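Engineer: Provided herewith is a single structure, encoded as structure tokens, for subsequent inquiry.
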Amino acid sequence: MATGSFATSGADLELVGIQKRFPGFTAIEHLDLVIPAGSFFALLGPSGCGKTTTLRLVAGLEDPTRGSILIGGEDVTHRKPFQRPVNTVFQSYALFPHMTVLENVAFGLRRRKMAKPLELAQEALELVELEHLASRKPTQLSGGQQQRVALARAVVNRPALLLLDEPLGALDLKLRRQMQLELKSIQEEVGLTFLHVTHDQEEAMTMADTVAVMNKGRIEQLGAPEDLYELPHTAFVANFLGQSNLFTGPVLEATSHAIAVEVAGTRVLVPKARARKHSGEVTVGIRPEKLRLLTEAPPTTAGVNTLGPGTVTDVSFSGVSTQYQVDVPGADSVTVFAQNLDFGPVVTPGTEVWVSWKVDHGFGLEDSASEEAKFAPELDTATIAVQAKRDLAAELEVS
Amino acid sequence: MAFAAFATGTAKEQAPRRKSRIALLLLLPGILYMMLFFLVPLVSLVMTSLQAPVEFGDIGEYETAFRWENYVVAISTYGEHILRSFGYALMATIFALLFSYPLAYFIGVKARPWPLLQKLMLVMVIAPFFISFLLRTLAWKSLLSDEGFLVSSLKALSLMAPDAHFTGTGAAVVFGLTYNFIPFMTLPLYANLERLDTRLVEAGGDLYARPATTFFKVTVPLSMPGIVSGVLLTFIPAAGDYINASPQFLGGPSTAMIGNVIESNFLVTNNYPAAASLSIILMAVILVMVVVYIKRSGTEDLL
Ligand SMILES: Nc1ncnc2c1ncn2[C@@H]1O[C@H](COP(=O)(O)OP(=O)(O)OP(=O)(O)O)[C@@H](O)[C@H]1O
Ligand SMILES: [Mg+2]
């Protein structure tokens, strides 16, 4: 083979009807996904939802039980990993312990017979600020340094499609920001396609053009970060991506442009275009930062929803903002984020308050909050702990 | 305060000394054992190798001397046997490695999803140990003898000349050595490959390496400690072996190895100095080869 060359542009990725079953466990139910060439796509989801499995399927390290995978329009379902124009930054780094850092980074370049592999590898190490450790062995590096070597080893190949499995998880905030910028600039410079898996929703939202939220082996919702945040379709997305206040009630009336839902004895309006369901029991939601806290009953105004009166049960000050917990009879505890425009919190626990928000800011979900509370047995420990805590709190309230 | 600091200071100084005394105490049985069963015989062996025959004495009567010519005589007389020993041992080691690596790889890596199969295969590798080394070699002798099924069928098919033999040839000796030392090669390789991180093999494939390239660039270097210990455990005893090459087993008059020469000098011609000097030469050559080999393969940690 002659001297190889780098990909000159990204390739689009298409997953058609993918299903992946392990003996006794279905990791991916049914996955249809199109990632256009040159886009930065983030896959977000709780632990164990099948993110790594998805990447392994694309890289060819796992065979799908059903469905096909297309890269750049070509069906690669039955191609071996080394034949796919894909590189992976592994969650476990998978650095070769018997090679120096520099040789690790040059490995892919040598296999593709690139000219000057060591120089290119050295440049890639400079990109991740590790040029001074080029001659060390991976075991002599810290976790974060190893992660950056793994990043350099994949990025140096300039693949048409780069798979990143939590590539920045072990880095401190400052370095993480810096690497995010580096990644973004590499991606834009060559127009490569990035498929980025992360736990960090902020990272997903700041870096990606498109974010997909995955849950239990399915993609719940997919879209631009702002759309996903402002208009979640399911209770899972509403709570996984930021926080939400969700209220469930029957639809009282549906006009041509809005639906009215009864929540705690009050009519709450939601624009019809922002609601997924228009009849029966409907769950509506509002983001905590969109709520206003009022110490007096506001006059009824068109275009504003009001709940109350309720009692402030908890106030926690976090510098930039203050989080208030308001107990509204008939509705769950409502969370309000208020910017600290003045010094310190404005109200103290026990105060009687009303909350209000613009009708345009609300959203209606296609499922209900209670469905989300039903946890599959194989969820991660954090979720189980949260659930246990909620159960305990509920029990205490009853007694 | 000062007093407390002083107290801890002395305690710290004392600690290592007490520790080293305990270490010494723990090492004592080992040291005594080595003195008694390694150093003393070694010195006695060196002294024997330098002995001179008693003038006008009987056969087998020797007196303490410093006859270093014994070594010159041993090398000039038995140089051929020394070379043959290392040649046979080297071939047997290479064949054992070529046979054991795929086997160990299968048991340690490919069979991981089936632990029962792994255990069964390991038992099959070890099982021959339960039968005496001598019996197994004798069994092979009769299997490979001229009257045996294998040789007679090969002759019937004209694949072997009618007057050709298999037993008594160098090939039979190398075969016997290979067969007898395969478990010594397989077990260390298995112990190493069982811990092979397959994610690194996956990473190789992800970085455009073909399976063969990944094998030679990733798997083999990672299993180097297993290869080195297997090679040492096979090569060292094989070089000194005298069973397989003996005419009573698989060898013949032209296949004698250094072990056979030492045996006949010691037990038949009662030439103790020659036998002792040959033993020392064997030991020295093996030592040099092992050190060079370990240095070259970059696994000095084993030394
Ligand atoms: N080889 C396997 N055999 C059986 N089950 C597996 C296998 N690999 C993964 N799984 C299961 O598939 C599910 C998805 O795993 P996956 O590694 O894709 O999760 P993930 O989304 O990457 O999680 P995390 O964020 O913790 O890395 C998990 O429940 C896991 O237990
Ligand atoms: Mg994962």
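The values are calculated or read from the model by the stated rules, or taken from the named source; none is laboratory data. These numbers come from a predicted model, not from an experiment. Glycine gets a Cβ as well: all are built from the backbone with ideal geometry, and neighbour counts include every protein chain shown. These area figures cover heavy atoms from the full protein model, side chains too; ligands, DNA and RNA do not enter into them. Shrake-Rupley method; radii C 1.70, N 1.55, O 1.52, S 1.80 Å.
Engineer: Between their Cα atoms, which of A:LYS51/A:LYS80; B:LYS119/B:LYS295; A:LYS80/B:LYS110; A:LYS51/A:LYS113; A:LYS51/A:LYS174 are more than 22 Å away from each other? Numbers along the way, then the final one.
Structural biologist: Numbers: A:LYS51/A:LYS80 20 Å; B:LYS119/B:LYS295 34 Å; A:LYS80/B:LYS110 18 Å; A:LYS51/A:LYS113 32 Å; A:LYS51/A:LYS174 26 Å.
Flagged as over cut-off: B:LYS119/B:LYS295; A:LYS51/A:LYS113; A:LYS51/A:LYS174.
Engineer: Limiting things to C-alpha atoms, what are the Rg and the maximum Cα-Cα separation (Dmax) for the protein assembly as shown, in angstroms?
Structural biologist: Reported Rg and Dmax, both Å: 38.1, 134.
Engineer: Take A:PHE194, B:PHE175 and sort them by solvent-accessible surface of the protein heavy atoms, 1.4 Å probe, largest at the top. Write out the running numbers ahead of the final one.
Structural biologist: Details: A:PHE194 0, B:PHE175 75 Å².
Of A:PHE194, B:PHE175, the descending order of accessible area is B:PHE175, A:PHE194.
Engineer: Still on this structure: What are the ³J(HN,Hα) values, in whole Hz, obtained from phi via the Karplus relation 6.51 cos²θ - 1.76 cosθ + 1.60 with θ = phi - 60°, for each residue of segment A:88-101 in sequence order, with x given for Gly and Pro?
Structural biologist: For segment A:88-101, the Karplus-derived couplings read 10, 9, 6, 4, 9, 6, 6, 7, 6, x, 8, 10, 6, 4 Hz, x marking Gly and Pro.
Engineer: A further question follows. Restricted to Cα positions, what overall size does segment A:296-364 have along the principal axes? Three whole-Å values, descending.
Structural biologist: 32, 24, 23
Engineer: Find the Cα radius of gyration of segment A:44-102, compare it with 2.2 N^0.38 Å by division, and give the number to two decimals.
Structural biologist: Values: Rg = 13.6 Å, N = 59, 2.2 N^0.38 = 10.4 Å.
Computed over Cα atoms of segment A:44-102, the ratio equals 1.31.
Engineer: In deg cm²/dmol, rounded to 500, what helix-only [θ] at 222 nm does chain A give when every DSSP H run of at least 4 residues adds -39500 (n - 2.57) and the total is split over its residues?
Structural biologist: Working: 10 runs with 104 residues, N = 399.
Mean residue ellipticity at 222 nm (helix-derived): -8000 deg cm²/dmol.
Engineer: Over all alpha-carbon pairs of segment B:65-117, lay out the pair-distance distribution in 5 Å bins, whole %, shortest bin first.
Structural biologist: Result returned by the calculation: 4, 16, 12, 11, 10, 9, 8, 7, 6, 6, 5, 4, 1.
Engineer: Enumerate the aspartates and glutamates that B:LYS217 could reach by cross-link, defined here as Cα to Cα under 19 Å, with residues fewer than 8 away along the same chain left out.
Structural biologist: The qualifying aspartates and glutamates are A:GLU103, B:GLU194, B:ASP197, B:GLU202, B:ASP206.
Engineer: Could you tell me the accessible area of B:TYR71 in Å² (1.4 Å probe, neighbours in place), rounded to the nearest ten?
Structural biologist: B:TYR71 has an accessible surface of roughly 50 Å² with all protein chains in place.
Engineer: Radius of gyration and Dmax for chain A's Cα atoms, expressed in Å?
Structural biologist: Here Rg and the maximum Cα pair distance are 24.7, 78 Å.
Engineer: Connecting C-alpha atoms closer than 10 Å in a GNM of chain A, tell me which of A:ALA264, A:ALA388, A:ALA106 has the biggest fluctuation.
Structural biologist: Maximum fluctuation in the GNM of chain A, among the listed residues, is at A:ALA388.
Engineer: Please list the three semi-axes, largest first and in whole Å, of the ellipsoid equivalent to segment B:71-302, using sqrt of 5 times the eigenvalues of its alpha carbon gyration tensor. Intermediate results must be reported in sequence, preceding the final value.
Structural biologist: Numbers: eigenvalues 248, 122, 48 Å².
Values for segment B:71-302, descending: 35, 25, 15 Å.
Engineer: Ignoring everything except DSSP H segments at least 4 long, calculate the 222 nm mean residue ellipticity for chain B; use -39,500 (n - 2.57) per segment, divide by total residues, nearest 500. All intermediate terms of the calculation are to be shown ahead of the outcome.
Structural biologist: Working: 12 runs with 197 residues, N = 303.
When only DSSP H runs of four or more count, the value is -21500 deg cm²/dmol.
Engineer: In addition: With a 1.4 Å probe, how much accessible area is buried between chains A and B, both sides summed, in Å² to the nearest hundred?
Structural biologist: Working: alone 19470 and 18820 Å², together 36450 Å².
Result for this pair: about 1800 Å² buried.
Engineer: Now for a different question. Rounded to the nearest Å, what's the spacing between the alpha carbon centres of segment A:20-94 and segment A:309-355? Just the number, please.
Structural biologist: So the two Cα centres are separated by 44 Å.
Engineer: Taking every residue in A:241-253, how many Cβ atoms of other protein chains lie within 10 Å of its Cβ, on average?
Structural biologist: Working: counts 0, 0, 0, 0, 0, 0, 0, 0, 0, 0, 0, 0, 0.
Average neighbour count from other chains, rounded to a whole number: 0.
Engineer: With the radius of gyration and the Kirkwood radius both derived from the Cα set of segment A:235-364, what is their ratio Rg to Rh?
Structural biologist: On the way: Rg = 14.5 Å, Rh = 15.0 Å.
That ratio is 0.97, to two decimals.
Engineer: Mind checking which of A:GLN178, A:GLN147, A:GLN19 has the largest fluctuation in a GNM of chain A, springs on alpha carbons under 10 Å?
Structural biologist: Comparing A:GLN178, A:GLN147, A:GLN19 in a Gaussian network model of chain A, the most mobile one is A:GLN178.
Engineer: Can you give the accessible area of B:ILE236, probe radius 1.4 Å, in Å² rounded to 10?
Structural biologist: Here the residue's solvent-accessible area equals roughly 70 Å².
Engineer: To one decimal place, what Kirkwood hydrodynamic radius in Å is obtained for segment B:118-212 from all pairs of distinct Cα atoms?
Structural biologist: Values: mean 1/r = 0.0595 Å⁻¹.
So the Kirkwood estimate lands at 16.8 Å.
Engineer: With the solvent-accessible surface defined on protein heavy atoms using a 1.4 Å probe, which residues belonging to segment A:77-100 display a reduction of at least 50 Å² in accessible area in the multichain context relative to the isolated chain?
Structural biologist: Hits at the 50 Å² cut-off: A:PHE82, A:PHE96, A:HIS98.
Engineer: Still on this structure, please answer the following. Among DSSP beta bridges whose residues both lie in the protein assembly as shown, state the antiparallel percentage, nearest 5. Present the calculation step by step, with values, prior to reporting the outcome.
Structural biologist: Numbers: 60 of 79 bridges.
Rounded to the nearest five, the antiparallel share is 75 percent.
Engineer: Excluding residues fewer than 8 places away in the same chain, name every one of the lysines whose C-alpha is closer than 30 Å to that of A:LYS358.
Structural biologist: Reachable lysines: A:LYS272, A:LYS277, A:LYS290.
Engineer: If r is the Cβ-Cβ distance from B:LEU39 to B:ALA161 and R0 is 45 Å, what FRET efficiency results, to the nearest 0.05? Before the final figure, lay out each step's value.
Structural biologist: Values: r = 53 Å, r/R0 = 1.18.
Efficiency, from the Cβ-Cβ distance: 0.25.
Engineer: With the convex hull built on the Cα atoms of segment A:1-113, state its orientation-averaged projected area in nm². Can you show the working numbers first?
Structural biologist: Numbers: hull surface 35.1 nm².
Mean orientational projected area (segment A:1-113, Cα hull): 8.8 nm².
Engineer: Taking only protein heavy atoms into account and a 1.4 Å probe, give the accessible area per residue of the protein assembly as shown in Å².
Structural biologist: Numbers: 36450 Å² over 702 residues.
Per-residue accessible area for the protein assembly as shown comes out at 52 Å².
Engineer: Mind giving me the nanometre distance, one decimal, between the label points for A:VAL386 and A:THR65, set 7 Å out from Cα along Cα→Cβ?
Structural biologist: 2.7
Engineer: Which ³J(HN,Hα) values, rounded to whole Hz and listed in residue order, are derived for segment A:113-119 from phi using the Karplus coefficients 6.51, -1.76 and 1.60 in 6.51 cos²θ - 1.76 cosθ + 1.60 with θ = phi - 60°, glycine and proline given as x?
Structural biologist: Taking θ as phi minus 60°, the curve returns 6, 6, 6, 6, x, 5, 5 Hz for segment A:113-119.
Engineer: If you don't mind, another one. Please list, in chain and number order, the residues 5+ apart from A:ASP12 or on another chain whose amide H is under 5 Å from its amide H, with Hs placed from the backbone.
Structural biologist: Under 5 Å from the amide H of A:ASP12: A:ALA37, A:GLY72, A:GLY73.
Engineer: Ignoring ligands, DNA and RNA, please state the percent of accessible area on segment A:222-271 from carbon and sulfur, probe 1.4 Å.
Structural biologist: Details: 1080 of 1990 Å².
Carbon and sulfur together cover 54 percent of it.
Engineer: Here is a follow-up. For segment B:36-143, what is the Kirkwood hydrodynamic radius in Å, using each pair of distinct C-alpha atoms?
Structural biologist: On the way: mean 1/r = 0.0524 Å⁻¹.
Here the Kirkwood hydrodynamic radius works out to 19.1 Å.
Engineer: Among B:LEU36, B:LEU120, B:LEU25, determine the one that fluctuates most according to a GNM of chain B built with springs between C-alpha atoms less than 10 Å apart.
Structural biologist: B:LEU25
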